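Engineer: Would you mind keeping the following structure in view while I ask a few things?
The values are calculated or read from the model by the stated rules, or taken from the named source; none is laboratory data. Fair warning: this is a prediction, and the values are worked out from it, not measured in the lab. Methodologically, a virtual Cβ is constructed for each residue, glycine included, from the backbone with ideal geometry; neighbour enumeration extends over all protein chains shown. For accessibility, only protein heavy atoms count, side chains too; no ligands or nucleic acids. Shrake-Rupley method; radii C 1.70, N 1.55, O 1.52, S 1.80 Å.
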Amino acid sequence: MATSSKIPKRISTALINALSAGVVPRVGLDHIAVGREREMQVLLQDLDNIAGGGAGFRFVIGRYGAGKSFTLQLVRNHAMEKGFVVADADITPERRLAGGNGAGVATYRELMKNLSTKSRPDGGALSTILERWIAGIQTQVVQESGKKPADEGFDDLVEDKIREVTKDVADLVNGFEFANVIIAYWNGYRTDNDARKEAALRWLRGEFATKTEAKAALGVRVIIDDENWYDYVKLFARFVWDIGYKGLLVMLDEVIHLYKISTSVSRQNNYDKLLAMFNDAMQGRVTYLGLLIGGTPQFLEDPRRGLYSDPAWQRRTSQSRFASKAGLQEANGPVIRLEPLTRDEILTLLDRLVQVHMTHYSLKQSLTKAELEEFLHVIVSRLGAEALLTPGEIVRDFMSVLNILHQNPQMTLRQLIQSTNFQPAKPLDAQVDEDSEYAEFTV
């Protein structure tokens with residue numbers, strides 16, 4: 001881990017703002033990552049397998065605040081550093097895997113909006129990917145032919161190489177129209193036709209509402225919709241590998257919203273779509289694509305409405321009896337269960353948060369290990385069972401403490417945490433019935 005003194009102000013600002021608000025930061029996670037070494041080793045091995053032409057599918061399962069989103073973001077950052085294209089989206093009542101009225105394609109659009117690379121880590125990387133690819137081909141043509149971009153025949157040589165790549169994609173399911181749209185983007189690039197380039201980008205982002213509109217703009221007879229959006233995710237994975245990336249990593253978080261779908265038929269349709277995605281990856285029917293799904297134990301294991309309500313899913317995701325009896329996690333299993341951090345790991349996390357806070361505000365005085373232990377003891381004693389603690393609950397409380405102490409330098413940590421005004425958040429499990437469909441939520 002990089003030392004706190006080397007944290008740029010931009011990174012420390014993002015960390016403090018996000019953690020104080022109780023959300024996972026997009027950047028700087030390596031500065032505060034604690035534990036999860038075993039889980040990260042498994043997930044990073046998946047990236048190597050995907051880059052080698054394979055596919056991956058993992059559930060990252062944990063209670064709210066246990067570190068699901070943090071783990072996904074950590075993998076996301078590692079993937080971009082390794083040369084992957086990454087897309088992520090949260091499932092919501094409006095964004096699902098299957099369903100009419102645009103619920104499926106809405107998820108695809110969110111993925112395309114959040115499409116990121118190492119050079120564009122904040123999303124919106126689709127046009128950058130295409131422009132970088134075309135520029136690379138132009139450089140290759142210059143080196144191989146000796147021609148310059150202004151020379152006659154140069155653009156024809158570039159188009160020949162572009163068609164070589166698109167031919168590979170065109171041979172796949174639904175690939176012909178996809179390839180034609182890529183060629184349309186190149187033609188717009190070649191002729192400085194911004195309207196044609198934008199039409200191609202709109203099609204690739206799934207923004208055309210009707211086939212008639214797409215045909216008028218691009219001459220293609222197909223659009224990306226609720227039924228076929230995942231086919232185009234698979235095509236895009238192959239395409240980005242063809243143009244020089246390691247593959248495509250797709251992350252879907254908050255899948256508890258699939259569990260919350262009230263209509264059993266609609267809920268099952270979404271589970272079936274997820275199962276098709278799982279089978280594609282596990283059976284080798286897709287290449288250069290990784291899928292990470294963030295969910296809660298309830299989403300996975302509830303026998304009435306969770307994945308376990310489907311025998312096909314229960315057979316694929318239930319923990320091996322050998323591993324469960326020995327208290328072990330099977331590395332090659334599809335489910336990664338996030339276990340609680342140890343007390344020592346939590347103390348290390350608190351110390352790293354102190355270092356980030358001190359660096360950001362150029363503070364000289366730190367909290368001692370004894371003070372951190374006292375804070376943790378108070379949290380545990382007020383919340384009850386230590387096993388119910390999650391990093392998310394602790395971090396937000398601790399960031400609040402650090403901010404208050406910074407704004408009130410005359411106050412000590414002991415004075416603050418012993419005051420009647422300091423009431424840490426209660427653990428989720430202590431507040432609600434575990435059998436309730438709202439068991440993972442607090443107000």
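Engineer: How far, in nm, would the chain grow between ARG414 and ARG163 when pulled straight, counting 0.36 nm per residue and subtracting the alpha carbon separation?
Structural biologist: On the way: separation 251, 0.36 × 251 = 90.36 nm, distance 6.83 nm.
Here the answer is 83.5 nm.
Engineer: With all protein chains present and a 1.4 Å probe, how do ASP156, ASP168, ASP194, ASP310 order by accessible area, largest first?
Structural biologist: The ordering from most to least exposed comes out as ASP194, ASP156, ASP168, ASP310.
Engineer: If r is the Cβ-Cβ distance from ASN403 to ASP90 and R0 is 25 Å, what FRET efficiency results, to the nearest 0.05?
Structural biologist: According to the calculation, E is roughly 0.40.
Engineer: Right, another one. For region 52-128, what's the relative contact order in percent, using C-alpha pairs closer than 8 Å and at least 6 residues apart?
Structural biologist: 22 percent
Engineer: Let me ask something else about it. Anyone know which of MET411, MET282, MET358 comes out most mobile in the 10 Å Cα GNM of the chain?
Structural biologist: In this elastic network of the chain, the residue with the biggest mean-square fluctuation among MET411, MET282, MET358 is MET411.
Engineer: Taking the Cα atoms of region 70-223, what is the range of coordinates along each of the three principal axes, in descending order and whole Å?
Structural biologist: 54, 41, 28
Engineer: Straight-line reach from LYS260: which lysines fall under 19 Å, measuring Cα to Cα and dropping same-chain residues less than 8 apart?
Structural biologist: LYS260 reaches LYS68, LYS273.
Engineer: Sorted by accessible area (1.4 Å probe), largest first, how do ASP226, ASP90 line up?
Structural biologist: Values: ASP226 30, ASP90 70 Å².
Output order, biggest surface exposure first: ASP90, ASP226.
Engineer: Would you work out the relative contact order for region 272-316, in percent, from Cα pairs under 8 angstrom that are 6 or more residues apart?
Structural biologist: It rounds to 19 percent for region 272-316.
Engineer: Moving on to the next point. Out of all DSSP beta bridges in the chain, what portion is antiparallel? Express it as a percent rounded to 5.
Structural biologist: Working: 1 of 22 bridges.
Roughly 5 percent of the DSSP beta bridges within the chain come out antiparallel.
Engineer: Let me ask something else about it. Calculate how steeply helix 154-170 sits against the longest principal axis of the alpha-carbon atoms of the chain, using the helix alpha-carbon long axis, and give the answer as 0 to 90 degrees to the nearest 10.
Structural biologist: The two axes meet at around 60 degrees.
Engineer: Given points 7 Å out from each Cα along the Cα-Cβ axis, report the GLU213 to GLU81 separation in nanometres with one decimal.
Structural biologist: Placing both labels 7 Å along Cα→Cβ, they lie 4.1 nm apart.
Engineer: Taking 1 over the mean of 1/r across every pair of different Cα atoms in region 214-290, what Kirkwood radius in Å do you get? Can you show the working numbers first?
Structural biologist: Details: mean 1/r = 0.0687 Å⁻¹.
Hydrodynamic radius (Kirkwood, Cα only) of region 214-290 equals 14.6 Å.
Engineer: Looking at the chain from every direction and averaging, what is the projected area of its Cα convex hull in nm²?
Structural biologist: Over all viewing directions, the chain projects a mean Cα-hull area of 24.6 nm².
Engineer: Mind putting a number on the dipole of the chain about its Cα centre? Charges go on the C-beta only, +1 for Lys and Arg and -1 for Asp and Glu, and I need it in Debye to the nearest 20.
Structural biologist: Approximately 400 debye in magnitude.
Engineer: Related question: May I ask which of LYS113/LYS197; LYS9/LYS197; LYS167/LYS234; LYS9/LYS246; LYS161/LYS246 have a Cα-Cα span longer than 27 Å here?
Structural biologist: In this structure, LYS9/LYS197; LYS9/LYS246 exceed 27 Å between Cα atoms.
Engineer: Rounded to the nearest 500, what is the 222 nm mean residue ellipticity of the chain from helices alone, with -39500 (n - 2.57) per DSSP H run of 4+ residues and division by all residues?
Structural biologist: Helix contribution divided over all residues of the chain: -16500 deg cm²/dmol.
Engineer: Could you order THR348, THR117, THR191 by accessible surface area, starting with the largest, using a probe radius of 1.4 Å?
Structural biologist: From most accessible down to least: THR191, THR348, THR117.
Engineer: Output needed: percent of Cα pairs per 10 Å distance bin for region 174-262, bins running from 0 to the one holding the longest distance.
Structural biologist: Cα pair-distance distribution for region 174-262, in percent: 15, 41, 30, 12, 2, 0.
Engineer: Excluding ligands and nucleic acids, what accessible area in Å² is computed for VAL335 using a 1.4 Å probe, to the nearest 10?
Structural biologist: 10 Å²
Engineer: Where in region 239-281 is the amide nitrogen less than 18 Å from a point lying 7 Å along the Cα-to-Cβ axis of GLN143?
Structural biologist: 242-246
Engineer: Related question: Which value in nm describes the separation of the simple spin-label points at ASN17 and ARG221, placed 7 Å from the Cα toward the beta carbon?
Structural biologist: 4.9 nm
Engineer: Also: Heavy atoms only, probe 1.4 Å: what % of the accessible area of region 196-287 goes to carbon and sulfur, would you let me know?
Structural biologist: C and S atoms contribute 47 percent here.
Engineer: Once the whole set of protein chains is in place, how much accessible area is left on VAL27, using a 1.4 Å probe, in Å² to the nearest 10?
Structural biologist: 40 Å²
Engineer: Share of Cα-Cα pairs in region 1-111 beyond 21 Å, in percent?
Structural biologist: Working: 2980 of 6105 pairs.
So the portion of pairs separated by more than 21 Å is 49 percent.
Engineer: What percent does the relative contact order of the chain come to when contacts are Cα pairs within less than 8 Å and at least six residues apart?
Structural biologist: 23 percent
Engineer: Quick one: accessible area per residue over the chain, 1.4 Å probe, rounded to a whole number of Å²?
Structural biologist: Values: 20770 Å² over 443 residues.
Result: 47 Å² per residue.
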